[in-house]
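Novice: Quick one: the structure is below, questions incoming.
The values are calculated or read from the model by the stated rules, or taken from the named source; none is laboratory data. Only a predicted model underlies this, so the values are computations on that prediction, with no experimental measurement involved. Glycine also receives a Cβ, built like all others from the backbone with ideal geometry; neighbour counts cover every protein chain displayed.
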Amino acid sequence: MCVAYTAEASPDTNLDGAAFSVNEIRDAESLKSCFSLPEPPPKVSPSHVENINGARFIATQVEGVGSGHSLEGYVYRAFHHGKCYELDIRIVTENGTGYDPGTLKDFDVEQVRNSLKIALNSFTFLK
């Protein structure tokens, strides 16, 4: 499942894209392997436990930069009924390289982040 904002959702801004997604991590077959899988971008803060609709998730904030883009992300992992699940919020912005100054306006990152967190907070395991 994925809910996404494309750059067209906020024209003439530095929004490159944003999404909330739900994935099963098939390589993780145990609680330990689920929570120890590496996250590609560097972690910004220590992992902590968050409860989403009665399910325990390990949450980590991540960031990354490269090729004129910045990534802010939030990763939530849970081991549920023998399977590893990852919920992600990712927001990618352009830093304006290659654009005339003032061409790109800052989009409302809080509004985008909050709407993706609504999707996150609506997640429920069905069984």
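Novice: If we only count strands (runs of 3 or more DSSP E) wholly inside segment 1-61, which ones have 2 or more residues that are in contact (Cβ under 8 Å) with a residue 60 or more places away in the chain?
Specialist: Here the list reads 2-6, 15-24.
Novice: Condition first: crowded, with 16+ Cβ neighbours inside 10 Å, touching a Cys at 6+ places or on another chain (Cβ under 8 Å) and either of a type outside the set (A, V, I, L, M, F, W, C) or at pLDDT 80 or above (or both). Can you find one or more residues in segment 90-111 that meet it?
Specialist: Within segment 90-111, not a single residue is crowded, with 16+ Cβ neighbours inside 10 Å, touching a Cys at 6+ places or on another chain (Cβ under 8 Å) and either of a type outside the set (A, V, I, L, M, F, W, C) or at pLDDT 80 or above (or both).
Novice: Condition first: surrounded by 11 or more Cβ atoms within 10 Å (Cβ to Cβ), more than 19 Å from A28 (Cα to Cα) and either modelled with pLDDT of 85 or more or under 13 Å from the mean Cα position of the chain (by Cα) (or both). Now tell me which residues in segment 54-66 satisfy that.
Specialist: Q61, V62, E63, G64
Novice: Out of the residues in segment 22-36 that are over 11 Å from H80 (Cα atoms), surrounded by 12 or more Cβ atoms within 10 Å (Cβ to Cβ) and out of contact with any Asp or Glu (no Cβ under 7 Å at 6 or more places or on another chain), which is modelled with the highest pLDDT?
Specialist: Top of the filtered list is V22.
Novice: Among the residues of segment 1-21, how many are surrounded by fewer than 15 Cβ atoms within 10 Å (Cβ to Cβ) and either under 20 Å from I89 (Cβ atoms) or at pLDDT 90 or above (or both)? Break it down stepwise before answering.
Specialist: Step one: filter segment 1-21 for residues surrounded by fewer than 15 Cβ atoms within 10 Å (Cβ to Cβ), giving 1-2, 4, 6, 8-9, 11-12.
In the following step, the residues that additionally are either under 20 Å from I89 (Cβ atoms) or at pLDDT 90 or above (or both) were identified as 1-2, 4, 6, 8-9.
The qualifying residues number 6.
Novice: What are the residue pairs meeting all of these: first residue in segment 102-127, first residue under 26 Å from G54 (Cα atoms) and of a type in the set (A, V, I, L, M, F, W, C), second residue exposed (fewer than 10 other Cβ atoms within 10 Å of the Cβ) and at pLDDT below 90, Cβ atoms under 9 Å, and 6 or more apart or on different chains?
Specialist: Sorted first by the residue in segment 102-127, then by its partner, the pairs are A119/M1; F123/M1.
Listed here are the residues, each with its yes/no results for (1) small (G, A, S); (2) under 11 Å from the mean Cα position of the chain (by Cα).
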| site | (1), (2) |
| --- | --- |
| T6 | no, no |
| D12 | no, no |
| K32 | no, no |
| G68 | yes, no |
| A78 | yes, no |
| L87 | no, yes |
